[in-house]
Structure formats: C-alpha cells, structure tokens
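Read through the structure below, which is laid out as structure tokens, and then see the notes.
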Amino acid sequence: MQLITKDNNYRRINELLEKILDKTVKRKHGISQEQPIFMGDDKPITWTELKESETGTTWSQGNTTLTALFKDNQGGFPRFI
C-alpha cells in the first residue's frame, strides 16, 4: 500500500483507501454510540463507564441497583439488585 501511495503521489495511505473504497463501496457511514446497560438517576451507564469505575461503585434507579463487582481491561461484571 505504501508503494501504491507513493507511486500515485498520495500524501497518506488514507487518501489511497478513500480512492479505492469510493469505487467499490457506496454507503453512508454512521457513528455508532455505545448503548447503555443501565439507566441510573436519569443518566445512562455504559460498559465503558462500568469498566472505568471503581469496584463497589453503585448506581440506582427506583428499586433497582447496579453494583460494579469486578472489572479488568476487558470489561466488568455488574450485579443488579
């Protein structure tokens, strides 16, 4: 890809990809937003927020409580009560 980019005087590899993909794929790319796993106090709680929180952090809404029981670099283990 670097040789093709250089031979065609493209400034960057992304420019080459845009030229190639433009000829083969015609579709709109949308931005996907992470879906919440829980609504706590009118605020959506996502997997990313669960992963970044401290173990033992709790969020509540009504009679339901979410507690971060375990987390690591791959994700977390929530408990719903």
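The values are calculated or read from the model by the stated rules, or taken from the named source; none is laboratory data. The structure presented is a predicted model; accordingly, all values stated were derived computationally and were not measured. Here the Cβ positions follow ideal geometry from the backbone for every residue, glycine too, while neighbour counts run over all protein chains shown.
For segment 57-81, the tally of residues that are part of a strand (DSSP E or B) and not β-branched (Val, Ile, Thr) stands at 13. Candidates are the residues of segment 49-81 that are more than 21 Å from the chain's Cα centre (by Cα) and aliphatic (A, V, I, L, M); the one that is surrounded by the fewest Cβ atoms within 10 Å (Cβ to Cβ) is 81. Screening the candidates 15, 34, 54 for the property of being of a type in the set (D, E, K, R), part of a loop (DSSP other than H, G, I, E, B) and at pLDDT 80 or above yields one hit, 54.
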